[in-house]
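For reference, the structure discussed in these notes is given below.
Computed from the coordinates by the stated procedures, all read-outs in this text should not be read as laboratory data. Predicted, not measured: the structure shown is a model, and the values here were computed from it. We place every Cβ from the backbone using ideal geometry, glycine too, and count neighbours over all the protein chains shown.
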Amino acid sequence: MAAPNPAVSGTLANGSSTVISLDAMGGDNGPATVVAGLARFLEIEPAARVLLHGPRDQLAQLLSRRRIEDRVTIADAAGVIAMSDKPSHAMRNGKGTSMWSAIAALRAGDAGVCVSCGNTGALMAVAMLQLRRIEGVNRPAIACLWPSRNPGGFNLMLDAGADIKADEEDLLLYALMGASYARHGLGIARPRIGLLNVGVEEHKGRAELKVANDLIARAAPRGDFDYVGFVEGGDLPSDRVDVIVTDGFTGNVALKTGEGTATLISELLREAFNKTPLSRIAALLAMTSLKRLKTRIDPRRVNGGVFLGLNGTVIKSHGSADETGIVAALLLANRLASSGFSERLAARVTPATALAQDILPETAARGGTSEPAKAMAPEAPSAEETAAKTPAATRQDAEPDPAATARAPHGGIREGNARKA
């Protein structure tokens, strides 16, 4: 990996633009697509500067064809982290790869934001290893934009897949981070936050959701956001909320479902309008409206999931992103870095753990289960009840399971995951 370029800083000397650290490798379509999107981005933002990471000889030829070599600095990195590589492999063997180099430039202050199309798990692992988490954040989240009926055209959803689990304190932090993103990235002065659940009634949902519902509601006045309570899947594209908070498993399933549905609608419309000569004429008459609809639901326009909770702004582009998707991710990166988003997010999130402890003093500082959550959980059977239901032969002969004995509670598992990351 090339050493960080001392001539480049996160912001240019005259403060006119932000430098973007861009991983040219790792995407499904190769570096040619990334450079094509980069060229279009520089047409829109001519003052921007980019550190492009990958094999120097290959990238130099691509930049020369697009005539943008004067505005792009190549950071030579011959290695590539493949989509099939596990996060643990990336952390052990990632040095010298384009992804590692791109994040290292952000860490060194040579760039204000990092963008990569590479392996999501590997990118999160390498980013956590190099940038570290903001104090008080146990689980970083991925925030994505969702087409909606709001005036700005989008809602924000997090987590979109960084971690499949989230307890009540994690969900509170997601709400605070999402509010900061909406404020500085989308220009919403006082965001409306909703917590995704199977219904809007307060008695519905898992125990941690009910506790998080109370936590977020009580944090809203000091967090400068409005809390609308529980929301359902149908509210994701609605104008009822600006930010939807959920765990990474639910969020990722919802995201992929939405993208698949948008693609299906486009294909069905194309099929319907090509069915007969009359339908083709109707398509010509409705061409302007159809293009407007296609643009509105095109998932490429909202390409770019932002890693929240790290000491630096990292944006994950879709691995299959085309030229249009790359442009969208770079525009988002430029906007967030220019607004000082990372520093403002850290300032918002750092007091969040203390805020949670103020609201629920019984909650452990790391990984503990709050007393309200315990109260909502099903009561464990007594020893007498368990013994009565267990066959006598099993009670006499069974030996304790060492693996079960060593198995950690929720907090212990989370600490183990943190050490691995």
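Observations on the structure shown:
- In terms of the mean number of neighbouring beta-carbon atoms within 10 Å, the peptides 141-151, 274-284 order highest first as 141-151, 274-284.
- Radius of gyration and maximum dimension Dmax of segment 212-280, Cα, Å: 18.7, 61
- Volume per residue of the C-alpha convex hull in segment 18-101, rounded to whole Å³: 85
- Listed residues Ala122, Gly152, Ala217: farthest to the positive end of the dipole of segment 101-226 (Cβ charges): Gly152
- From the C-alpha gyration tensor of segment 187-331, square roots of 5λ in Å: 35, 20, 14
- Local net charge near Ala102, Cβ-Cβ under 15 Å (Lys/Arg +1, Asp/Glu -1): +2
- Note on Glu271 and Thr288: the model spin-label points, each 7 Å out from Cα along the C-beta direction, lie 3.0 nm apart.
- Convex hull (Cα only) mean projected area of segment 127-203, reported in nm² to one decimal: 6.4
- The packing ranking, built from the mean of other Cβ atoms within 10 Å per residue, places the peptides 32-45, 63-76 in the order 32-45, 63-76, highest first.
- Order by protection proxy (mean Cβ within 10 Å, highest first), peptides 78-88, 190-200, 104-114: 104-114, 190-200, 78-88
- Over all directions, the projected convex hull of the C-alpha atoms in segment 135-179 averages 3.5 nm² in area.
- Over all other residues within a Cβ to Cβ distance under 10 Å of Asp76, the charged ones net out to 0, with Lys and Arg as +1 and Asp and Glu as -1.
- Charge sum, other residues only, whose C-beta stays under 13 Å from Phe273's C-beta, Lys/Arg counted +1 and Asp/Glu -1: +3
- At 1.567 mPa s and 4 °C, Stokes diffusion of segment 41-188 via Kirkwood alpha-carbon radius, µm² per second: 74
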